[in-house]
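Only one structure is covered here, and it is reproduced in the block below.
Taken together, the values in this text are just the output of simple stated rules run on the coordinates, not laboratory data. Note that the coordinates shown come from a computational prediction; the quantities given were computed from them, not determined experimentally. Cβ placement follows ideal geometry from the backbone for every residue including glycine, while neighbour counts extend to all protein chains displayed.
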Amino acid sequence: MTHVSPARKQSEKALYGGTSSRRVTVRDIAAAKERGEKWPMLTAYDAMTASVFDQAGIPVLLVGDSMGNCHLGYESTVPVTMDEMALLSAAVVRGTRRALVVGDLPFGSYQEGPVQALRNATRLVKEAGVGAVKLEGGERSAHQIELLVQSGIPVMAHIGLTPQSVNAYGGYPVQGRGEEAAQQLLRDAKAVQDAGAFAVVLELVPAELAAEVTRSLHIPTVGIGAGPDCDGQVLVWTDMAGMTDGRVPRFVKSYARLREGLGDAARAFAEDVVGGAYPAEEHSFH
């Protein structure tokens, strides 16, 4: 009988860098928390980009309503519709083989209550094929989360700065500063865990508070502008790859200059066409 070392077994199960080719599940996410493993998550909005991230080993892809800002040209996430979410979520699912695909419930698709949330979450699961859904809100969304989980739909919660509330915030301020706000965030985190969420996104939260939340929960936390102590970290892919035009949030680290490179490619193509260098003989048929 071949002996397999514990270290090798652990590496095989790793969310990032593991050797398993099957779909990542919420059970894998829970197991990573138990192992103390940190893991990456990116947004994706189309099949081609999703396939790149999937082949790179990113274990969780979020079809975020951030598509409103960086993909559909809206000023915020608020206008995103269920039709848009279902269409792009299905594309991401088709472009992946391993990643757990999480679909956002957009503004207005769950605020009426649990029944509305179940109807729209069911649509993302049935029509788009996502493996889980995400919705914003702590205590105020606990009943929605509870019904979805009871109905067999895994839920990723989202607390701290919730971008769908941009009109109420008057912008995108850091959340959880001050004793009262910190205690409310802790209550929100406990509420979504008790309701059955398998993970919770912490957005724009002081690092010390995010660390306290992470220690206090048995479900994983996913940080975005929440310091280094969360179990996972997520970025909007256009920010991560240097595609975003103009100013990006302070917490963003860009790992490429894709916008500049794509512009260079477009200009080179245009100059070849204008100058007659493209198409050349090798690009032509006779």
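Ranked by the mean number of other Cβ atoms within 10 Å of their residues, highest first, the peptides 265-271, 174-180, 97-103 fall in the order 97-103, 174-180, 265-271.
Under 1.5 on a/c is rounded, so check that first for the stretch 172-286, then, if it is not, pick prolate when a/b is larger than b/c and oblate when it is not; a ≥ b ≥ c are the square roots of the alpha carbon gyration tensor eigenvalues. Note, shape of the stretch 172-286 comes out prolate.
Taking a ≥ b ≥ c as the square roots of the Cα gyration tensor eigenvalues, with a/c under 1.5 meaning rounded and otherwise prolate when a/b beats b/c, else oblate, which class fits the stretch 73-171? Because a/c hits 1.5 or more and a/b fails to exceed b/c, the stretch 73-171 counts as oblate. Averaging the sequence gap over all C-alpha pairs within less than 8 Å and six or more residues apart, then dividing by the number of residues, gives the stretch 42-157 a relative contact order of 24 percent. Computed from phi, the 3J(HN,Hα) profile of the stretch 176-187 under the Karplus parametrisation 6.51, -1.76, 1.60 (θ = phi - 60°) reads x, 7, x, 4, 5, 5, 5, 5, 5, 5, 5, 5 Hz, with x in place of Gly and Pro. Near the amide H of LEU72, within less than 5 Å, lie no amide hydrogens of residues on another chain or at least 5 residues away, with H placed in the peptide plane.
Neighbour counts of other Cβ atoms within 10 Å put HIS143, HIS158, HIS286, HIS71 in the fewest-to-most order HIS286, HIS143, HIS71, HIS158. Taking label positions 7 Å along the Cα-Cβ direction at both VAL248 and GLN55, the computed distance is 2.2 nm, reported to one decimal. Each of MET243, MET48, MET156 was scored by other Cβ atoms within 10 Å of its Cβ. Arranged with the fewest first, they read MET48, MET243, MET156. Restricting the stretch 53-111 to chymotrypsin sites (Phe, Trp or Tyr not before Pro) that sit in a DSSP loop and have at most 16 other Cβ atoms within 10 Å of their own Cβ leaves TYR74. Taking the helices alone, the chain has a mean residue ellipticity at 222 nm of -12000 deg cm²/dmol, built from -39,500 (n - 2.57) per DSSP H run of at least 4 residues and averaged over all its residues. Taking every C-alpha pair closer than 8 Å and separated by at least 6 residues, the mean separation divided by the residue count of the chain gives a relative contact order of 14 percent. Once backbone amide H atoms are built at 1.01 Å from N, ALA199 has ALA157 as its partners under 5 Å, excluding neighbours fewer than 5 places away on the same chain.
Extension gain, SER284-ALA266: 0.36 nm per intervening residue step, less the Cα-Cα distance, totals 4.4 nm.
Extension gain for ALA47 to GLU12 (0.36 nm times residue separation, less C-alpha to C-alpha distance): 10.0 nm. Extending 7 Å from Cα along the Cβ direction at ALA31 and again at GLN183 yields two label points whose distance is 4.1 nm. The label-point distance for ARG257 and GLU139, in a model that sets each label 7 Å from Cα toward Cβ, rounds to 4.9 nm.
When the Kirkwood radius is taken over all Cα pairs of the stretch 6-255, what Stokes-Einstein diffusion coefficient follows at 20 °C and 1.002 mPa s, in µm²/s?
On the way: Rh = 17.9 Å.
Value of D from the Cα-based Kirkwood radius: 120 µm²/s.
Distances between placed amide hydrogens fall under 5 Å for GLY232 paired with TRP39, THR221, VAL222, GLY223, all partners being 5 or more residues away or on another chain.
In plain terms, the residue of LYS13, LYS134, LYS253 with the fewest other Cβ atoms within 10 Å comes first and the most crowded comes last, giving LYS253, LYS13, LYS134.
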